[in-house]
Amino acid sequence: MSNNYKPEVLDKGIVRKSLERYYIRNTFDQNCTQLESGVCLLAERDDNLKLSLEDNYCWQLKELMGNYHNYRQNILIIKNESYLEKLTGIFEEEVIDILEFDCGHFDIADGLHRLCIATKSEVPAYATYTDKDEICPACESIRQRARIHNKSHLL
């Protein structure tokens, strides 16, 4: 492990709010079935889909999130060193880092799927969170376009 920092459980309200106000929309990758097909495989347990755990990315990740939470709570003792390295790699080296800007938008570095899963299940999201910081890229872009637009009207 490259760092000694361990993320903390993030409040479910902050998780929901950060996903709703994330300034870059529709950035989930091909593993998001809701964006691809309109059906969330985590929220919709349809036996007609006949997907195994191996075929369902969200269920796999939810299981890992649950195991990591139980590990952090000392409920689950992991003796398999490679599995423990996988868990800590995902949740401690690829930490979800949430930054809330003054305008109310959020920036989320890594972990969109984990946040989404946390909002739809009992599994907590482990993340870092910084409140009201820096200049929002989306709002700054709007301000720059407005300045350019205003200059062109003055000519």
Those residues of segment 90-121 whose amide nitrogen sits under 12 Å from the label point placed on GLU134, 7 Å along Cα→Cβ: 97-102, 106-110
Please give, to one decimal in nm, the separation of the simple spin-label points placed at ILE148 and LEU76, each 7 Å out from Cα toward the Cβ. 4.8 nm
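Just so you know, all these numbers are worked out from the coordinates, no wet-lab data involved. Quick caveat: nothing in here was measured; it's all calculated off a predicted structure. FYI the Cβ positions are ideal-geometry reconstructions off the backbone, even for glycines, and counts take in every protein chain you see.
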